């Protein structure tokens, strides 16, 4: 059923960036690998997470004490800013910052478990959420939500195409019956 899946714009951007940097498998999504691949310096402090970047330097500041999925999610949030945004957040209006944050929340849905990586897996893994939890190192609920989103988008596309075929057949039958 993957033939009915169409990535949206953000998901396509994530896939293009990952592929162009050799991020092709779930194990490539490990934070240490992303830091090395994208030349990111990771630092810890007691303030809110932030990132700074220029053409030759990328730094992500994470709050000390984060662990587990909160750590990974926060890293990917800041990583998303580095990859897809430009400009100084401090110089932006509130509306611009809110739009940027909304984009990053959408980015997170795709960046930690990209569909193009799922597509490459053995089909049985897609029906085994616990295997995906281990493979992508994300929580069970994240896997379930991501799979539901993918299935919903596949089924929506499938039914749209079925309806279009049906309408096309209906139009032909009207032409020939008269």
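Only the coordinates and a few stated rules stand behind these numbers; no lab work does. Only a predicted model underlies this, so the values are computations on that prediction, with no experimental measurement involved. Quick reminder, even Gly has a Cβ in these numbers, built from the backbone with ideal geometry, and neighbours come from all protein chains shown.
Shape annotation for region 79-166: C-alpha extents along the principal axes are 48, 40, 20 Å, from largest to smallest. The convex hull built on the alpha-carbon positions of the chain has an orientation-averaged projected area of 14.1 nm². Against the longest alpha carbon principal axis of the chain, how many degrees, from 0 to 90 and to the nearest 10, is the axis of helix 140-177 turned? Around 30 degrees separate the two axes.
Relative to the dominant Cα principal axis of the chain, helix 94-111 is inclined by about 70°. Label zone of residue 28 (point 7 Å out along Cα→Cβ, amide N under 11 Å): in region 122-144 this covers no residue at all. Among beta bridges from DSSP that stay inside the chain, the antiparallel ones total about 40%. Calculated mean residue ellipticity, 222 nm, the chain: -20000 deg cm²/dmol, from DSSP H runs (n ≥ 4) at -39500 (n - 2.57) each, averaged per residue and rounded to 500. For the pair residue 131 and residue 168, label points projected 7 Å from Cα toward Cβ lie 3.5 nm apart. Only Cα pairs under 8 Å and 6+ residues apart enter the sum, and on that basis the relative contact order of the chain stands at 25 percent. Each residue, residue 96 and residue 57, gets one label point 7 Å from its Cα in the Cβ direction; the gap between the two is 2.2 nm. Based on Cα atoms of region 18-105, Rg over Rh with Rh as the Kirkwood radius reads 0.96. In this rough spin-label picture, where each label sits 7 Å from Cα along the Cβ direction, the residue 122-residue 20 distance is 3.4 nm.
Which angle from 0 to 90°, rounded to the nearest 10, does the C-alpha axis of helix 9-20 make with the longest principal axis of the chain? Tilt of helix 9-20: around 60 degrees. Each part reduced to its alpha carbon centroid, region 1-24 and region 64-82 end up 21 Å apart.
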